[in-house]
Structures are given as C-alpha cells and as structure tokens.
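Following: one structure in structure tokens, then a few remarks.
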Amino acid sequence: MRDAKVIEFPKEQSTRKRMQNRVQEQKAVLMLSIASVLVMTVFLNQWLVQSPASSLTTDGNRNVASFEPATFAKDVKWEQHLAKEFSKSKVSGQLAEAPTLRDELIFGFLEGKYGMKLASGRISSLEFIDAQAGEQPLAIGDKADFLAKYADAFGLKYSTVSPKADAQDTYNLIDSDKRIVATAHFVLDDEGRVASINISE
C-alpha cells in the first residue's frame, strides 16, 4: 500500500470565509430587524388613525384634537354674557393711555414706516425702514409746517422753523429768543420722498 499524501486545507482561508459568512448573516439579521420595525410602525400608525376611539379623529376625518364647534359656540355665548354684564355695571376703567404727540408722529403721520433714533430723550433721526416689505417712503409736502406741528414730539423747544439759506432741504429750528437750537436736514430719494430726517443741535 502506498503512502497516501494528505493535502491540508488552508486554515487561514477557511477562517476568513467563516468570518465573512458571519458578517453577512449579521447584516441580514439587522436588515430584517429594521424592516420588521418599519412594517410594525406603519401598521400601528394605520391602526391608531382608523381607530374610532382615537382622539385625533372624528367621523373618519383628521381634525385638530382640541377644536370642537359646540365648545366654541359655548365660549361665544359666555363672552356675550360677560359683555352684557359689564355693560350694565357702572364700573369705569381706563383701558389704554392716550397716544402722545410722538406716537402720533411715528405711527400716525409716518405710518410706522420710519425708525426713530433717540439721543438724550430727543429724536436725533428718523429713517425709512420698510424697504424690504415693499413699502415706499413718504413725500412730505410742506416740511416747515411738518417740523412746526411736531416740535414737541422731537423733544426740542423751538417755535419757528426757517429754511436754511445755504443748504437745500435743511431747516433751522429757532426758539423764542431767536436762537437756533437745532437743524433739521431732510434726505430725499430720487423721487423726492423722505428717506431720513436728521436733527443736529
């Protein structure tokens, strides 16, 4: 009998193959686990949405959970009842303060389109701020009349407004002693609208 030669199978390759198979099995198990979680989530979501006891649904429609027309109607009736009761009572109260001349200037005449910069409690400048909102600056026809009307709003004590001779759209603000207390300069855009008003003392 001849000696049989045994060819050894390389151990390194078999170990590597086993490791690759194990990694692939782990990947497959992980993918199946993720898929099963997703499927369960979808089914659970469907079950909750279609459940008649769910607080998110009314008659099969998805609505806001806290809104019920009957409750809303009760609230309106309650508010009307309160309004009637308060109108019968003789209790008087002040709900708001009367607007100041400065409020009237900023939010009335200038329509809230201009930002105000203050210095020592006085308006130092008014600048157009609503360009991004698509608004346009205002055109002020009689600038001297405007400055005279809102003298107290600017926080300066002047009684007369006089155009400055050597500067365009610039006005001297003169007090009762005929002294110039400040100068107002109107910066206009190409169409003659007021981009800013600068008050310098």
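Distant-in-sequence amide contacts of LEU188, defined by a placed amide H-H separation under 5 Å and a gap of 5 or more residues or a different chain, comprise ALA195.
The range 25-40 and the range 108-158 have their alpha-carbon centroids 68 Å apart. Given axes a ≥ b ≥ c from the Cα gyration tensor, I'd like to know whether the range 89-201 is rounded (a/c under 1.5), prolate (a/b larger than b/c) or oblate. Since a/c reaches 1.5 but b/c is at least a/b, the shape of the range 89-201 is classed as oblate. You can think of it this way: the chain between ALA119 and ARG102 has 4.7 nm of extra reach, that is 0.36 nm per residue less the Cα-Cα gap.
Any read-out appearing in this document is the output of simple, stated calculations on the displayed coordinates, not a laboratory observation. Remember, it's a predicted structure, so these values are computed and weren't measured experimentally.
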